[in-house]
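Bear in mind these aren't lab numbers, they're just calculated from the coordinates by the rules spelled out. As the structure is a prediction and not an experimental result, all values here were calculated from the model. So basically every Cβ, Gly included, is an ideal-geometry build from the backbone, and we count neighbours across all protein chains shown.
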Amino acid sequence: MNMNLKQLVRTYYQYIVKDVLLLYALLVSVISIVVSGVIFFLFSRQLPSLVPLYYSLPWSEGRLAGAQWLLLLPISAVGIVIVNLIIALIFYRSEAMLSRIVGLAAACFALMQLYAMIRIIFLIG
């Protein structure tokens with residue numbers, strides 16, 4: 001594989017554009033992350049200093065985190081989408097179905113973090 005970076009990016013770009021499911025999964029992921037960030041910045045002034053973030057903990061002050069920690073949701077979604085996209089592109093030629101599943105998993109995670117952001121903000125807002 002003696003491809004330079006430009007050829008490699010072009011090849012992976014063509015994989016994404018050719019596969020409609022992978023393209024839509026990526027678009028849904030990006031839109032969800034952007035909307036989540038916009039929602040946070042629109043409502044950040046109205047949020048109290050502590051918001052319920054850690055729902056897996058029992059009801060106490062341990063569930064609360066600073067409002068700025070809500071940015072953890074879209075930031076983690078960016079990381080997961082990037083990692084899943086890299087995995088999907090690496091395996092696309094040999095396992096196209098696996099790549100689609102990984103892309104859909106990234107989109108599902110991005111949608112879930114958007115849902116969590118909306119629920120938290122409108123719960124306390």
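For segment 69-121, the list of trypsin sites (Lys or Arg not before Pro) that fall in a loop by DSSP and count at most 12 other C-beta atoms within 10 angstrom reads Arg93.
Qualifying trypsin sites (Lys or Arg not before Pro) in segment 1-56, where qualification requires a DSSP coil assignment and no more than 11 other C-beta atoms within 10 Å, comprise Arg45.
The Cα center of segment 92-109 and the Cα center of segment 24-54 differ in position by 24 Å. Relative to the longest principal axis of the Cα atoms of the chain, the long axis of helix 20-43 lies at roughly 30 degrees.
Exposed loop sites here are chymotrypsin sites (Phe, Trp or Tyr not before Pro) assigned a DSSP state other than H, G, I, E or B and surrounded by at most 15 other beta carbons within 10 Å; excluding them, the longest clear run of the chain is 60-125. Shown in residue order for segment 70-85 are the 3J(HN,Hα) couplings computed by the Karplus curve 6.51 cos²θ - 1.76 cosθ + 1.60 at θ = phi - 60°: 5, 5, 4, 5, x, 5, 5, 5, 4, x, 5, 5, 5, 4, 5, 5 Hz (x for Gly and Pro). Think of it as helices only: each DSSP H run of n ≥ 4 in the chain is worth -39500 (n - 2.57), and spread over all residues that comes to -24000 deg cm²/dmol at 222 nm.
The angle between the Cα long axis of helix 96-124 and the main principal axis of the chain comes to about 20°, on a 0 to 90 degree scale. Any idea what angle helix 5-18 forms with the longest principal axis of the chain, computed on alpha-carbon atoms, 0 to 90 degrees, nearest 10? Roughly 80 degrees, rounded to the nearest 10. What you get for the chain, charging only the Cβ of Lys and Arg (+1) and of Asp and Glu (-1), is a dipole of about 240 debye around the Cα centre.
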